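Nothing in this text is a laboratory measurement; each read-out follows from the coordinates by a stated rule. None of these values were measured; they are calculated from a predicted model. All Cβ positions, even for glycine, are placed from backbone atoms using ideal geometry, and neighbour counts span all protein chains on display.
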Amino acid sequence: MKNRLTRRAPLTALTCALVLPLALAGCTTAREAEARANANNGSAVQCPVEVNQSATGAVRLGWQAIPGANLLVKDKGWIEACLPNVTVTWIKFDSGADVVQGFGSGSVDLSTLGSSPATKALSAPLNVDMQVVWIDDVIGAAESLVVKDPEVKKLADLRGKTIAVPFSSTSHFSLLMALQAANLTPGTDVKLINLSPDKILAAWSGREVDAAWVWDPVLSELTEHGHIITGSQETAAQGKPTFDLEGATRSFVSANPGFMDTWTALQDHAVGLLTGSEQASAAQSVAVQLGSTPEAVRSQLKGYTYPRATEQLKLLAALPGQLKATAEFLATQGEVAAVSDLSAYQAGVYQTSIKKAAK
């Protein structure tokens, strides 16, 4: 069967704003438009993998402000250059919870989301028909609990305090795990409030928030007036790792295997640049997308582990069991209604394109 994207009329800036209310920035930027134009006339942007001329139509790609390969691919305009007959719309999301809603409403095809929201999507009552198609990173110190009061040295010192966290995110999951280990009960011993990263940053100077578990680049900004007492690397060491993932609707994946092969090859290429000798140059592109500096991005990259395609296969083999274990914990917290059978989480992982990229 010919690899083909589902055809849609291109979205204008106005229709993006109307159709995609969850997105902070819905439409293709001038940089992406220029990249596509350059790709079409053979100038400027060079595709670093084999150009795919057979894929046509339109695709809606979600992204979050998380340093990694996806932002390098976005900034370089490689999707547009390597898939010249595809119309690309980039949609910015605040959190994985918003992405899950986007999948449910049919307003995004493929997007970044954490392992916790992916688990909720694959569990009851949502049962979203999506698949994990790539592991962006294994989260470490890049998601941590930062506190204002210099006298607070450990989680127990936060008893009676307020902690901000984006609900249904990987940070929320890690926070719940850490509180359980410290014998602190949310709602009784500590108050949790649901704030997106940008709103956490805005609230930090006031009295509403005493601490926050969040990711870079907001985390780095908060530490200028606070200090870290624990992080996701510690909950991972306790057997509860978290990941940033790329997910896609099953219908999109099954209809567009050629697009998925090219997209995956680009992700793998970008990871090689981020983790290799060209990291300094790659960090400049990521910094553009984050509105940050290359130096800050290189520091943030240390808080994650970025696996190549060959390494992903082993991680993906274990991922369904980890998603099920995450669901079991979230069920105890009332975050999911029921834990799905392992087969549901196995079916929620797509490896075909990664296997091709790993050869």
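Can you compute the equivalent ellipsoid semi-axes for the chain, i.e. the square root of 5 times each eigenvalue of the Cα gyration tensor, sorted largest first and rounded to whole Å?
Equivalent ellipsoid semi-axes, largest first: 33, 22, 19 Å.
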- By Kyte-Doolittle mean hydropathy of at least -1.0 and Cα axial length of at least 20 Å, which whole DSSP H helices of the chain are selected? 257-275, 309-332
- Query: Under 17 Å from a point 7 Å along the Cα-to-Cβ line of THR293: which residues of the stretch 213-238 have their amide N that close?
  - Reply: 217-225
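Apply 1/(1 + (r/R0)^6) to the Cβ-Cβ distance of THR185 and ALA44, taking R0 = 45 Å, and write down the FRET efficiency to the nearest 0.05. Mind showing how you got there, number by number?
On the way: r = 56 Å, r/R0 = 1.25.
Step by step, r from the Cβ atoms, then E = 0.20.
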- Message: Can you compute the charge dipole magnitude of the stretch 52-154 about its Cα centre, using +1 on each Lys and Arg Cβ and -1 on each Asp and Glu Cβ, nothing else charged? Give it in debye, rounded to the nearest 20.
- Response: 60 debye
- Roughly how many Å is it from the Cα centre of the stretch 51-101 to that of the stretch 127-150, as a whole number? 19 Å
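Take every DSSP beta bridge with both residues inside the chain and express the antiparallel ones as a percent of the total, to the nearest 5.
The antiparallel fraction comes to roughly 60 percent.
Within 10 Å, count the other beta carbons around each residue, average over each peptide in 239-249, 54-64, 346-356, and list them highest first. Write out the running numbers ahead of the final one.
Numbers: 239-249: 23.6, 54-64: 20.9, 346-356: 18.5.
Per-residue mean Cβ counts within 10 Å order the peptides as 239-249, 54-64, 346-356.
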- Message: To make sure I understand the rule: partners must be aspartates and glutamates, Cα under 15 Å from the Cα of LYS355, and not fewer than 8 residues away in the same chain. Which ones qualify?
- Response: ASP261, ASP268, GLU311
- Query: Based on the mean of other beta carbon atoms within 10 Å per residue, what is the order of 144-150, 178-184, 204-210, most packed first?
  - Reply: 144-150, 178-184, 204-210
- Query: What is the diffusion coefficient of the stretch 244-359 in µm²/s, taking the Kirkwood radius over Cα pairs and the Stokes-Einstein relation at 20 °C with a viscosity of 1.002 mPa s?
  - Reply: 131 µm²/s
- Of the listed peptides 269-277, 78-86, what is their order by residue-averaged count of other C-beta atoms within 10 Å, with the highest listed first? 78-86, 269-277
- Message: Within the stretch 129-265, count lysine pairs with alpha carbon atoms under 20 angstrom apart where the residues are 8 or more positions apart or belong to different chains.
- Response: 10
- Message: Quick check: residue separation of LEU315 and ALA237 times 0.36 nm, minus the Cα distance between them. What number comes out in nm?
- Response: 26.5 nm
- Message: Given the options VAL339, GLN289, THR223, identify the residue whose Cα lies farthest towards the positive end of the charge dipole of the chain (+1 on Cβ of Lys, Arg; -1 on Cβ of Asp, Glu).
- Response: VAL339
- For the stretch 156-179 and the stretch 273-290, distance of Cα centres in Å: 31 Å
- Message: Give me the one-decimal nm value for the distance between modelled label points at SER277 and LYS355, 7 Å along each residue's Cα-to-Cβ direction.
- Response: 3.4 nm
- Item | In nm, spacing of pseudo-spin labels at ASN194 and ALA325 (7 Å Cα→C-beta vector) | 2.7 nm
- Any aspartates and glutamates with Cα under 20 Å of the LYS92 Cα? List them, leaving off those in the same chain fewer than 8 positions away. GLU32, GLU34, ASP75, GLU80, ASP109, ASP136, ASP137, GLU143, ASP198, ASP216, ASP244, GLU246
- Task: May I ask for the distance between the Cα centers of the stretch 193-210 and the stretch 218-270, given as a whole number of Å?
- Result: 23 Å
- Rounded to the nearest 5, what % of the DSSP beta bridges within the stretch 127-259 are antiparallel ones? 70 percent
- Task: Between LYS154 and ALA338, take the C-beta separation as r, use R0 = 35 Å, and let me know the FRET efficiency to the nearest 0.05.
- Result: 0.55
